[in-house]
Structure formats: structure tokens, C-alpha cells
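Worksheet: one structure, shown below.
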Amino acid sequence: MHELSVAQALLESVDRCQRENGGKVRKVGLTIGRLGGVDPEALHYAWPAALVTSSNPALAECVLDVKLLPLSFICRECGAKVKAEKLTLECPTCHRETLVRDGGRELIINYIEVE
């Protein structure tokens, strides 16, 4: 389960931020692309295990808020930007099979909520 190593890397970033700015970290907001290879459920499961390894008590009660991005495409023919829940090639605007993936591998820390 590589989500544990992802959780540990995220926690290192949050720890660095907390040490620079202070406060007790309550929540970390993430955005994950559907094609990034990170399972949000597995990440939620791995997060407490990563927290246990932290020596920073300001992180002890930190929870994750994970948002999964829809797939995003751009049509090479008409330029339409398309959001979808599954992989597709057909553009809903021009009906040609000319969609190319636009992103999908994101792993972004959107916010760190501190008390």
C-alpha cells in the first residue's frame, strides 16, 4: 500500500509548515486527480498510521479532507473543455473522438486548517 508513503510525505510537508507557522493543525485539505494512482479510501486508512510516527504533538488530531477531481479533457478538434467521470474519447460538443486528457494526476494540498 503506497498510500502510507504518500501519507508520510504529506505529513512531512504539514509538519514543516506547522513548525514554521505554529498552531495546532486540525485539518488538511487535499485534491487528488483520478489518474494519480492514490486511492482516497486507502489514504484515509493510512493517515492515522502516519500520524503515529510523527513526533509533533500539534499534528496528533489532524484529519484529512480529500476531494477527488473529475477527469478533465480538451478536444483537439473544437477546443472544448470537458469534465467526465470515466475515460472517454468522444467530444460531447463536436462528437469527434479527439479528446485528450488534461491533468488527472494531481495531488495538491489546498489548505491546512490551524487552531
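The values are calculated or read from the model by the stated rules, or taken from the named source; none is laboratory data. Model, not experiment: these values are computed from the prediction. FYI the Cβ positions are ideal-geometry reconstructions off the backbone, even for glycines, and counts take in every protein chain you see.
Take region 75-93 and flag every residue that is assigned to a loop (DSSP other than H, G, I, E, B) and under 15 Å from ARG105 (Cα atoms).
Selection gives GLU85, LYS86, LEU87.
Give the residues of region 70-93 that are of a type in the set (A, V, I, L, M, F, W, C) and touching a strand residue (DSSP E or B) at 6+ places or on another chain (Cβ under 7 Å), sorted by residue number.
LEU71, PHE73, ILE74, CYS75, VAL82, ALA84, LEU87, LEU89, CYS91
In region 89-115, which residue that is of a type in the set (Lys, Arg) and out of contact with any Asp or Glu (no Cβ under 9 Å at 6 or more places or on another chain) is nearest to GLY37 (Cα to Cα)?
Out of the qualifying residues, it is ARG105.
Could you please find all residues in region 94-115 being in a loop (DSSP other than H, G, I, E, B), surrounded by 14 or more Cβ atoms within 10 Å (Cβ to Cβ) and touching a residue at least 24 places away in the same chain (Cβ under 8 Å)?
Listed by number, the residues that qualify are GLY103, GLY104, GLU106.
Say we look at region 14-27 and pick out the residues that are part of a helix (DSSP H, G or I) and under 18 Å from the mean Cα position of the chain (by Cα); which of these is farthest from TYR111 (Cα to Cα)?
Applying the filter and picking the extreme gives ASP15.
In region 61-87, which residue that is of a type in the set (Gly, Ala, Ser) and under 30 Å from ALA7 (Cβ atoms) is modelled with the highest pLDDT?
Ranking the candidates gives SER72 first.
Among the listed residues LEU35, LEU11, LEU30, identify the single one that is out of contact with any Pro (no Cβ under 8 Å at 6 or more places or on another chain), modelled with pLDDT of 95 or more and not in a helix (DSSP H, G or I).
The match here is LEU30.
Identify the residue in region 54-83 that is hydroxyl-bearing (Ser, Thr, Tyr) and out of contact with any helix residue (DSSP H, G or I) (no Cβ under 7 Å at 6 or more places or on another chain) and, among all such residues, is surrounded by the fewest Cβ atoms within 10 Å (Cβ to Cβ).
Selected residue: SER55.
So which of ALA58, ALA46, ALA9 ends up being touching a residue at least 40 places away in the same chain (Cβ under 8 Å) and within 15 Å of the chain's Cα centre (by Cα)?
ALA46
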